[in-house]
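For reference, the structure is listed below as structure tokens.
The values are calculated or read from the model by the stated rules, or taken from the named source; none is laboratory data. As the structure is a prediction and not an experimental result, all values here were calculated from the model. Because the Cβ atoms are built from the backbone with ideal geometry, glycine has one as well, and the counts that use them run over all protein chains shown.
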Amino acid sequence: MSLPALQRERLKLLARIAVVGAAIGAIYGVVLVVTLAGPGGELRRLSIALSGAISGLLISGSIGAIEMLLLRAGPLRRLNALPFLAVALGKCVVYGAIVIVAVTVVPDLLPFGASAITSTRTPRTLAITVAFSLAVTFVFVTVLQAATLLGRRAFRDLVFGRYRRPRAERRFFLFVDVVGSSAIAERLGPLDAHRFLSAVFSAVAEPVAEARGEIYQYVGDEIVVTWTETEGAIHARPLRCLFAMRAALGARADRFRARFGVEPELRAALHFGEVIAGEVGDQRRAIVFHGDVMNTAARLEQATREVGLRFIVSQAALEALGEPPALELTDLGPLALRGRAEPVHAYGIRSFEGVAAE
């Protein structure tokens, strides 16, 4: 049985982190031998490099597993509800212990190069190694938290400056809204309404990841998902994502009903076109998309209420998708949208691959 998309992404990232950690450990070990313990033979440097690689692998793999698997989706995820300071202090203790064990105990258990390793284990080199490992761990955890807050793709693009200069891109935008959220919020109150929306957004995260979508932003009770033209056209990913989101919420209907007294339902609109993507902000940097496509997609989502349909797709999006054969549509003709001088030809989605939209 295949793993869920989010789990696969986390495991792939964990594997990359472990490899990077092993490489850093190996390089550090060699540098330590040459600069502090004096130059030695090839065998001596190889032993230290292997020892450093194993220690780095254990540190990065262990801490990465805690951060991405146990704290995010595993049995320890409830700890994130604790105050930030308590979580930070707890991580310092646990991660510090992992570093100390990996640096001081693990090398003694290795079956190779015992004399070479022992020759570098002076109090000075040991203190430097522990300090270096803790510093690298701090940087790693900080980067991982930043990537989680911004989204890994957005964080990657910011780090490598992909959108430092504005650029034109052709993209799909899927605007998804929770039906009746205002009435639900009024009945539940602000705190439970927040918990309700948080549960909805968590439930649809897996379908978005499976469809290779990028969550652009959350706006109140709305989630905006985007794909580049190339990525979105593959197997009609935006449409598959939308129906998978509905299925994910349907599978959790009993839990939502028991906890909040309501089953969440969605309405959505899909549009396609050219936008300008670029970085904005000074104190807080962000990647944003500007253009008529964004406004039109939002207006199409609002139009679902007026035409009495849950899902609308523009003609431009259909043409970019190649009009999937398993799609049943209702031709809505040119729709007059608020704030637009020109109407937009759109279709109501009746079903996709045999699954009804209503």
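Worth a mention:
- Any hit, the range 238-257, residues being closer than 25 Å to residue 154 by Cβ, free of Cβ contacts under 8 Å to residues at least 60 places away in the same chain and small (Gly, Ala, Ser): yes
For (1) exposed (fewer than 13 other Cβ atoms within 10 Å of the Cβ); (2) modelled with pLDDT under 90; (3) closer than 22 Å to residue 296 by Cα; (4) among the aliphatic types (A, V, I, L, M), each residue gets a yes or a no:
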site: 232; (1), (2), (3), (4): no, no, yes, no
site: 246; (1), (2), (3), (4): no, no, no, no
site: 254; (1), (2), (3), (4): yes, no, no, no
site: 260; (1), (2), (3), (4): no, no, no, no
site: 269; (1), (2), (3), (4): no, no, yes, yes
site: 273; (1), (2), (3), (4): no, no, yes, no
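- Taking every residue in the range 187-198 that is touching a residue at least 60 places away in the same chain (Cβ under 8 Å) and pairing it with any residue that is surrounded by 11 or more Cβ atoms within 10 Å (Cβ to Cβ) and not in a helix (DSSP H, G or I), at least 6 positions away or on another chain, the pairs with Cβ-Cβ distances below 9 Å are 187/261; 187/262; 188/261; 188/262; 196/178; 196/262; 196/264.
- All positions within the range 267-282 that are part of a strand (DSSP E or B), farther than 16 Å from residue 213 by Cβ and more than 22 Å from the chain's Cα centre (by Cα): 267, 273, 274, 276
- Residue list for the range 184-204, restricted to those being under 14 Å from residue 250 (Cα atoms), hydrophobic (A, V, I, L, M, F, W, C) and out of contact with any Leu (no Cβ under 6 Å at 6 or more places or on another chain): 199, 200, 201, 204
- Answer from 281, 348, 333 - the residue that is farther than 23 Å from residue 230 by Cβ, among the small types (Gly, Ala, Ser) and touching a helix residue (DSSP H, G or I) at 6+ places or on another chain (Cβ under 9 Å): 348
- Qualifying residue in the range 209-223 (condition: in contact with a helix residue (DSSP H, G or I) (Cβ under 9 Å, 6 or more places away or on another chain), part of a helix (DSSP H, G or I), surrounded by 16 or more Cβ atoms within 10 Å (Cβ to Cβ) and not acidic (Asp, Glu)): yes
- Residue 56 meets each of the listed conditions (1) outside any helix (DSSP H, G or I); (2) at pLDDT 75 or above apart from (1).
- Restricted to helices (runs of 4 or more DSSP H) entirely inside the range 101-174, those with at least 2 residues that are at pLDDT 80 or above and buried (at least 18 other Cβ atoms within 10 Å of the Cβ) are 123-150.
- All of 288, 280 fail the test of being assigned by TED's automatic domain parsing to the domain that holds residue 200, without any contact (Cβ under 8 Å) to a residue 60 or more places away in the chain and under 25 Å from residue 204 (Cβ atoms), apart from 288.
- Selection over the range 303-322 of residues that are buried (at least 17 other Cβ atoms within 10 Å of the Cβ) and not in a loop (DSSP other than H, G, I, E, B) gives a count of 12.
- The combined condition, being modelled with pLDDT under 90 and out of contact with any Leu (no Cβ under 8 Å at 6 or more places or on another chain), is fulfilled by residue 283.
- Among the residues of the range 337-358, the ones that are aliphatic (A, V, I, L, M) and more than 15 Å from residue 269 (Cβ to Cβ) come to 3 in all.
- Members of the range 13-31 that are at pLDDT 85 or above and more than 24 Å from residue 104 (Cβ to Cβ): 14, 15, 16
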